[in-house]
């Protein structure tokens, strides 16, 4: 990890330490990382409402990684077809779809957990266009032996009448932006070990009754 990248993260390390001490310790030690992205495509071919789609990462993770952002783009080539305003209509459609496509994201592997609650709008945890990502402060990690599953459902029917823009087919591409931690195995780091090391480095709150804790009051 470059000095510039570390400087950008340094101010966030105390927050990351409270959420994920193992990750924070690796970052504090200057663990090398490289950016990478993975895609998950969700495609609807039927206009019916309440149609569930489930997909998962098809690519294997070769390194443990820090999930720093999830963004989405929408491919609906028939929306606004024939209109000179088609690009604007498609952009508005892509923004709006984040409100009525609900998704649940879960991680499966040796450790299992949910990233989102049941029925969370895409726009609540994904970024789109210029909007900021929503996961940067959560310190989620995916280890090389885990996979990410997404279950999405449309809460209203896709329109296909002559009076309305044809919305079929619609494909939502989720892009996972990660920082791969080169040569790192987060499972080899004990939780207590990470907390103690971070306390020594000043990134984790000291024990209240310790000399350092009393001095911090």
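The values are calculated or read from the model by the stated rules, or taken from the named source; none is laboratory data. Worth saying up front: this structure is predicted, and the values here are computed from it rather than measured. Please note: Cβ atoms are built from the backbone with ideal geometry, for glycine as well, and neighbour counts cover all protein chains shown.
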Counting only residues that are surrounded by 11 or more Cβ atoms within 10 Å (Cβ to Cβ) and outside any loop (DSSP other than H, G, I, E, B), which one in segment 201-215 is modelled with the lowest pLDDT? 214
Hey, could you check segment 168-182 for residues that are under 26 Å from the mean Cα position of the chain (by Cα) and not in a strand (DSSP E or B) and say which is modelled with the highest pLDDT? 169
If residue 16 meets every condition in (1) in contact with a strand residue (DSSP E or B) (Cβ under 8 Å, 6 or more places away or on another chain); (2) surrounded by 15 or more Cβ atoms within 10 Å (Cβ to Cβ) apart from one, which number is that one? (1)
